[in-house]
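The structure appears below as structure tokens.
The values are calculated or read from the model by the stated rules, or taken from the named source; none is laboratory data. Model, not experiment: these values are computed from the prediction. With ideal geometry, Cβ positions are generated from the backbone for all residues, glycine too; neighbour counts draw on all protein chains shown. Accessible surface areas use protein heavy atoms only, side chains included; no ligands, DNA or RNA. Shrake-Rupley method; radii C 1.70, N 1.55, O 1.52, S 1.80 Å.
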Amino acid sequence: MYKSASYDEPLLNKLAQLSDEECDLFNDIPNSLKRKKKIKIPHLDETQIVRHFHKLSQMNYGIDSGMYPLGSCTMKYNPKICEEISSWSKFYGTHPYQDISLVQGNLKLMFELERMLSEITGMDFFSLQPAAGAHGEFLGMLLSRAYHENRKDFKRNEVILSDTSHGTNPASVTMAGYKLVEIPSTKEGTVDLKILQQVLSDKTACFMHTNPNTLGIFEDEILEISEMVHNAGGLLYYDGANMNAIMGKARPGDMGFDIVHLNLHKTFSTPHGGGGPGSGPVGVKMKLEKYLPIPRISKEDNEYYLDYNAKDSIGKIKGFYGNFSVLLKAYTYISLMGKEGLKETSEIAVLNSNYMKEKIIKSKLYDLPFKKLRKHEFVLSCEKLKQEKNIRAMDIAKRLMDYGLHPPTIYFPLIVKEALMIEPTESESKKDLDNYIDALINIAKENPETIKNAPTNTSIKRVDEVGATKNPILTWNMI
Ligand SMILES: Cc1ncc(COP(=O)(O)O)c(C=O)c1O
């Protein structure tokens, strides 16, 4: 077996020979809890281990491997310099229990990031604590409740959202104890103002929406919507996971939204997906500031400190202050891009999406159920392929893998039959966009048998996803 340079055999031997009493000097683990038998750890040399992990990494697919246009949950370019800076020991070596005099730089960074996000969204204050978009939504709902209850307006127990909402929206609403009121969209794929007016009442706590919505369509009537909700005494919550469509162009704060969350993992340079640490900061208008979670990052006489003094705060939403490394990457990214850079990012994301949409639609092989101009994403329907050849969205997705491409999101939003939801992002070159378009067009013309048997050249073929969920076989053994 190869030994690495840091393998300190004498020390390990010495530790192995310690008696139980001596071990207890090092820790307080009771003997009854200590392992009785030696653990079975596979003995492998370095080459085998490197090959094992290298092979696993080759079986993976990420944005560094190719285009990853998962609508709503897409992966985009995250500059490597952001990763590098977040791995600087001066940042990762800090500890949340360190005296605040020793982490002034970290606090300054968070303080400034809150200001940057406020500027980008048009909100007054931010909390960086939530660890994901859904977590931000949940916090937003708690803020809404605190606001209404503080005004002794206890009747408001309903949250309205549209049938294009991202799945986490109804889940967060329900988790926060609100009653869900879902409204159908118009034929154009936007909020139906007539129906909205009918469901608004003195029970309305909040209207939750994302703009552009999950069809990629911008709500032209957002100012009217916001006036209607405010007139009914409700608040407006903005799901900002789609913020990469409008940065530098429009701000939810100016549209009338009172609470906003952003997905820093996605829009602001942390790889999205894979379940890694994320960040879903929540911004609010002035009237909601006092309910934000504690501690707040504050500044006095050029000193930053953690302010726990907020009697109306909803309390804590996460241990410590949020996922600092994600905040660090967002700070780096926003500083790198600047105002103009962020604006250009959104412009290219929108251009790429409309370019793809137009070329695919021209082929007449896929339908576009809602015709309006798109922002960052669009949703196709494979219904025609299903009727004519029994080819479903799932089959197209699997076949794309054979072309070495990551499939788009499928079967969402639910109002599109056999949906393929594509968000190319600003990251891709024209060549990559064309390659993806060609693949979709080719697949639609292929023999149905070939498509039904896909994927054929991936390490795992079609799996029984329902079976795997209902009867998971989980193992930690690698040999
Ligand atoms: C529109 C929208 N809302 C909410 C979310 C939830 O974010 P998260 O997965 O971080 O909880 C997503 C996820 O990408 C999203 O696309």
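Annotations for the structure displayed:
- Net lengthening on full extension, Leu56/Lys389 (0.36 nm per residue, minus Cα-Cα): 116.3 nm
- The modelled label-to-label distance for the pair Ile41/Lys339, using points 7 Å beyond Cα in the direction of Cβ, is 5.6 nm.
- For segment 403-448 versus segment 241-312, the spacing of their alpha-carbon centroids is 32 Å.
- Calculated [222 nm] ellipticity per residue, helices only, for the chain: -12000 deg cm²/dmol; basis is -39500 (n - 2.57) per DSSP H run with n ≥ 4, divided by all residues, nearest 500.
- Taking a quarter of the surface of the Cα convex hull of segment 347-467 gives a mean projected area of 7.7 nm².
- Inter-part distance where segment 194-225 and segment 125-147 are each reduced to a Cα centre, Å: 19
- Sulfur and carbon atoms: percent of accessible area, segment 278-355 [1.4 Å]: 52
- Shape category assigned to segment 296-382 from the gyration tensor of Cα positions, a/c cut at 1.5: prolate
- Pairs exceeding 23 Å between alpha-carbon atoms, taken from Lys287/Lys343; Lys339/Lys375; Lys76/Lys299; Lys249/Lys285; Lys266/Lys430; Lys155/Lys179: Lys287/Lys343; Lys76/Lys299.
- Proximal aspartates and glutamates to Lys398, defined as alpha-carbon separation beneath 18 angstrom and excluding residues fewer than eight positions away on the same chain: Glu383, Glu418, Glu423, Asp438, Glu446, Glu449, Asp464, Glu465
- Per the Kirkwood formula applied to alpha carbons, the chain shows a radius of gyration over Rh ratio, Rg over Rh, of 1.02.
- Span from the segment 365-392 Cα centroid across to the segment 57-91 one, whole angstrom: 29
- Per residue, the average separation of C-alpha pairs within less than 8 Å and at least 6 apart gives the chain a relative contact order of 18 percent.
- Trypsin sites (Lys or Arg not before Pro) within segment 154-210: DSSP coil, no more than 10 neighbouring Cβ in 10 Å: Lys187
- Other-chain or far-sequence residues with amide H under 5 Å of Ser162's (modelled H): Ile183
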